[in-house]
Every structure is written in C-alpha cells, then in structure tokens.
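Novice: This is the structure I have questions about; it appears just below.
Each value in this text was obtained by applying a stated rule to the coordinates, not by laboratory testing. Predicted model, so just to flag it, every value in this text is computed and none were measured. Every residue, glycine among them, receives a Cβ derived from its backbone with ideal geometry; neighbour counts consider all protein chains shown.
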C-alpha cells in the first residue's frame with residue numbers, strides 16, 4: 001500500500017490540505033469574522049461575521065468561496081484519504097494523551113508513597129513493638145559493656161513476662177505464672193526457667209554477679225528460642 005502512487009499522492013495532498021486549513025483558512029476566517037483582514041479581497045459577502053447558526057450548505061459554500069481554485073474539488077476527490085489520515089492522526093494523539101495520563105498517575109502514586117514513607121517511621125510500619133525491643137536487646141548483647149549485657153537479659157525477661165500474659169497465664173510473679181504452664185503447650189518452659197534464674201541472680205546481686213560474654217549470649221539465646229516458639233519475634 002505504501003508503494004501505491006495514488007495513496008502516496010493522496011497522502012501528500014492531505015498534508016498540504018491540513019497545512020492550508022491550519023495556516024491559511026482558519027487565520028483568514030478569524031480575520032474576516034473580526035474585521036481585521038489585511039486583504040480587502042477577502043472581505044466577500046459570504047465571509048461576514050457569524051451571528052446565527054449555519055447549515056451544512058453554508059459550510060460548503062464557505063469552502064468553495066474561501067478555498068483556493070481547485071482546492072474544493074481536490075478535497076471532494078480525496079475525501080477518503082483525508083478521513084483515513086485524520087483518523088490515524090487522532091488515534092496517535094489519543095494514544096499519546098492516554099500514555100501521558102497513565103504516567104502522570106503512576107508518578108503521583110509514587111510521590112504519595114514516598115510522602116507516606118517519610119511521614120511514618122519504621123516503628124509505625126510492619127515492625128512490631130516486640131521486634132523493635134528485641135532488636136535493641138541484640139544491640140546491647142553485641143556491645144563490649146558488661147552493663148549492657150545485664151540490661152539485655154533484664155529486658156528479655158520483661159518480654160518473657162509479657163509473653164506469659166499474652167498466653168493467658170496468671171500469677172503474682174513470673175514464677176507463679178510459669179508454674180501453671182502445661183509442657184505440651186509450652187515446649188521451651190525449661191529454657192524459660194533457666195533464663196529466669198540467671199535474671200534473678202543479676203537482679204539480686206547486680207554487679208557482684210559475674211557475667212561472662214559467652215554466658216550472656218547463651219542466656220539471650222534461650223530467650224530467643226522461647227520467643228520464636230510463640231512467634232513473638234520474627
């Protein structure tokens with residue numbers, strides 16, 4: 001179809017016709033309607049300011065009168081090519097507009113996501129409060145300070161107490177709560193007792209309780225096994 005001389009000629013004429021419409025007919029019509037036409041010959045009786053609705057015949061008469069010689073006949077003869085070309089251009093422009101709108105919505109969506117992420121800290125998103133506390137315990141146990149090791153164990157024992165409350169165990173002390181535990185429901189109860197005894201020694205003796213780094217890490221590891229059994233931490 002691209003090699004068809006008639007199609008090529010019609011397409012070339014359609015481009016010239018669109019150029020005439022955009023750069024000659026439309027500006028000339030506006031000038032006549034507003035009375036600013038520089039060429040007195042353009043001020044023909046038919047080209048008067050439009051004050052009433054016009055009919056299809058009036059439009060045809062306007063084209064015949066305003067168009068250069070032979071332009072109307074060429075328009076009539078190549079109307080099919082003109083329509084096809086106009087539809088193609090319209091589709092391309094519509095596709096470009098739709099693409100721009102979609103990209104604009106995507107960009108705005110990403111901007112909203114960034115604003116929401118900046119407005120809410122990590123603690124307010126998917127990380128639970130228990131996990132944040134556990135992360136802090138891991139930082140303490142990884143330090144070089146004996147005091148941080150003790151604080152890590154004390155904080156982990158507080159988390160264990162909260163876990164017992166969440167599981168529905170009741171008692172005045174943690175020991176009372178753990179005494180009500182059924183082993184079938186709490187497989188790591190022995191680890192809980194062992195870790196809690198170390199915590200009590202630290203709480204009662206303070207700095208007098210000798211605590212080695214390896215032992216501190218082992219005790220924190222006991223708490224970790226307990227918490228993971230109940231998915232208290234990730």
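Novice: Identify the residue in the stretch 199-223 that is in contact (Cβ under 8 Å) with a residue 40 or more places away in the chain and under 49 Å from the mean Cα position of the chain (by Cα) and, among all such residues, is farthest from residue 162 (Cα to Cα).
Specialist: Selected residue: 213.
Novice: How many of the residues in the stretch 225-234 are touching a residue at least 60 places away in the same chain (Cβ under 8 Å) and either closer than 12 Å to residue 157 by Cα or out of contact with any helix residue (DSSP H, G or I) (no Cβ under 8 Å at 6 or more places or on another chain) (or both)? Give the derivation first.
Specialist: Here is the first cut: in the stretch 225-234, the ones touching a residue at least 60 places away in the same chain (Cβ under 8 Å) are 226-227, 230, 232-234.
Imposing the further condition that a residue be either closer than 12 Å to residue 157 by Cα or out of contact with any helix residue (DSSP H, G or I) (no Cβ under 8 Å at 6 or more places or on another chain) (or both) reduces the set to 226-227.
Adding up the residues that qualify gives 2.
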